[in-house]
Amino acid sequence: MNVFVIGAGQVGATVVQALHEEHVLTVLDLDESRLTALSSRFDVATVEGNGASRRVLAEAGVSTADLMIACTSRDESNIVAAMITKAIAPRTTTVVRTSNPEYLEVWREGQLDVDFIVSSETETAYAISRTIGVPAARHTDLFAEGQVQLVEFDVDQRASENVVGVPMREAKLPGDSRVAAIIRGEETLLPGGDDVIRPGDRIVVLGSPQAAQAWSEVIAPGTGTVRDVVIYGAGRAGTAIAQLLLEQGIGVRMIEASLEQARIVADQLHGVRVYHSTGLDPDFLERERIADAQVAIFAMRDDMKNHFAATLAKVHGARFTIAIVHDTTSVEVFEQAGIDITINPRQVTAEEIVRFAHDPRTQQVAMLEGDRFEVLDITTRADSEYVGKTFKEMPIRGALIGAIVRNGVAVFPRSDEILRPGDRAIIFTESKRVPEVERAL
């Protein structure tokens, strides 16, 4: 596939990293240093210029593109680039990144001539919502219209002795689920019955949403269901998160330093208590019992403010903290400070964008461990070498099918289950093996 990427920032670089091996890529950006950094790492063509210019796009050859991804930090430039591409090459699929939910609404109403819009705020809100649903998980995602849940856990001494330290065939594992991988340092196991989960392991599980909850209780007993959340920051990201949590029946309090913004959000979100405060005053934290919330989310635009506020909340007894981190280099700092979960909006946006370049049968993609691994939702061809085989007969080849969706219903296959044409397979694999897996199925 011939792919044009407009924007060589963090989102663009993540997209390039995921796609460069199997596709012909051309990257456009105004910043020469960004382009140089990409071309030194990957075999991609680069064009220094404005991706929202008809002349630049035409001279770069966008008329030959199969897919155009506009993912700069400037929403309007992305939309213009996509609309110009549609005018030059009507058959080219266009994908636009936006940080303004209003553009997403306008597109859904059919008022923008682009094929797909991916909202950073919306994707971040979904990622946080899924994490809150399984509070012991470090990462979670939903597949097959919510029937299959991917959960990634760090295993420590709290985990049940019925699961840890015993061969998996003897362990009392939650039903309707499968351990897709055990990540042990640099080693990755696609586990069988003789393998053992140990403290210090990171495990990837595919199962029903009910099984995901059961696994959360197995890994971290007593985490329970979240009903009370406090959000620092009432900007676009914080507001999107609050709206989604309200729809799920979760109680929300918000803290916002700007009086004007606090008033706007208080008028928009009925049922939310909005505090006009920085949230950094110990007296305020104690008086309003902020640490009593089951989850504290830090959604301000400044990583340093999020880091300090989250650390202070931890000092005052916050039980579970989730921080939005805009700079990937800050992630380790947050984790070392004891922040439970970090979510990078650019990373979750890139994950959603990348799926458009996969085999058309691939309906969804999730990236894990800095894109070392991927989970794919892909429909099986009738002529696949795997069709007609039982799961125990299938060669592993660095991939594991954790669930299938047949006739619209999720199945968590036993060893004697047979893969059929048209089954949607939810597969864990190394990212470098994705093309091989897609061809095999």
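The values are calculated or read from the model by the stated rules, or taken from the named source; none is laboratory data. Values in this document were obtained by computation on a predicted structure and should not be read as measured data. Here Cβ is always computed from backbone atoms with ideal geometry, including for glycine, and neighbour counts include all displayed protein chains. Areas reflect the complete protein model, heavy atoms only, side chains present, ligands, DNA and RNA absent. Shrake-Rupley method; radii C 1.70, N 1.55, O 1.52, S 1.80 Å.
Residue ranges 406-413, 58-65, 80-87 sort as 80-87, 58-65, 406-413 when ordered by packing (mean number of other C-beta atoms within 10 Å per residue, highest first). Most tightly packed first, judged by the mean number of other beta-carbon atoms within 10 Å of their residues, the peptides 324-330, 343-349, 383-389 read 343-349, 324-330, 383-389. Pick out, in residue order, every one of the trypsin sites (Lys or Arg not before Pro) in region 279-315 that is DSSP loop and has at most 12 other C-beta atoms within 10 Å; say none if there are none. Filter output for region 279-315: Arg289.
Quick one: Debye curve from the C-alpha atoms of the chain, no solvent, what's log10 I(q)/I(0) at q = 0.06, 0.13 Å⁻¹? Those come out to -0.27, -1.24, one per q.
Please report, as a whole percent, how much of the solvent-accessible surface of the chain comes from carbon and sulfur atoms (probe radius 1.4 Å).
Answer for the chain is 47 percent, counting heavy atoms of protein chains only.
Note on the chain: helix-only mean residue ellipticity at 222 nm, from DSSP H runs of 4+ residues weighted -39500 (n - 2.57) and normalised by residue number, equals -9000 deg cm²/dmol.
Modelled label positions at Asp154 and Glu217, each set 7 Å beyond Cα in the direction of Cβ, lie 2.4 nm from each other.
For Glu109 and Asp302, a Förster radius of 25 Å and the Cβ-Cβ distance give a FRET efficiency of 0.15, rounded to the nearest 0.05. A viscosity of 0.692 mPa s and a temperature of 37 °C, combined with the Kirkwood radius over C-alpha pairs in the Stokes-Einstein formula, give region 332-441 a diffusion coefficient of 217 µm²/s. Across the alpha-carbon atoms of region 6-111, the computed radius of gyration and Dmax are 13.2, 41 angstrom.
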